[in-house]
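Novice: This is the structure I have questions about; it appears just below.
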Amino acid sequence: MVIAEDEDDLYKMLSSGVVTAAFAQPLSYGRWLRDPLAARQITILDLFPEADMVASGLALSKSRFSQEAAEKWHQELVKMYQDGSLYVIMQRFLNEGAAKQMMRLPIN
């Protein structure tokens with residue numbers, strides 16, 4: 001685990017591969033991914049594709065994850081959502097309200 005100074009610092013670490021993955025909300029990474037270079041370096045997994053507003057997603061460094069590997073992560077996260085372990089992890093790092101918000105809709 002690393003601590004980023006701010007969102008820009010986090011996404012710089014993600015695109016360079018220092019950080020291999022980060023849970024994030026579209027409002028956080030959407031602005032940053034408008035940069036074509038950053039967009040080529042990061043894969044976004046939409047954990048709530050049926051929702052009007054995505055509650056959360058997982059950003060993966062393309063320097064560390066192929067599209068196939070990203071899909072494997074997606075399948076593992078679905079399992080973790082279903083067995084409750086993802087919620088337990090969210091509770092360790094977020095307050096109760098934020099953890100519930102991150103888990104509010106089923107991951108497809």
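Rule-based calculations on the coordinates, nothing more; no lab input. Because the structure is a prediction, the values reported are computed rather than measured. Please note: Cβ atoms are built from the backbone with ideal geometry, for glycine as well, and neighbour counts cover all protein chains shown.
Novice: Mind sorting Tyr81, Tyr87 by how few other Cβ atoms lie within 10 Å of their own Cβ, fewest first?
Specialist: Arranged by neighbour count, lowest to highest, Tyr81, Tyr87 become Tyr87, Tyr81.
Novice: Show which lysines lie in cross-link reach of Lys100 when reach means a straight Cα distance below 21 angstrom and same-chain residues fewer than eight apart are skipped.
Specialist: Filter leaves Lys79.
Novice: Take Met103, Met1, Met13 and order them by how many other Cβ atoms sit within 10 Å, fewest up front.
Specialist: Met1, Met13, Met103
Novice: Another one. Taking the number of other C-beta atoms within 10 Å as the exposure measure, put Val19, Val88, Val78 in order starting with the fewest.
Specialist: Val88, Val78, Val19
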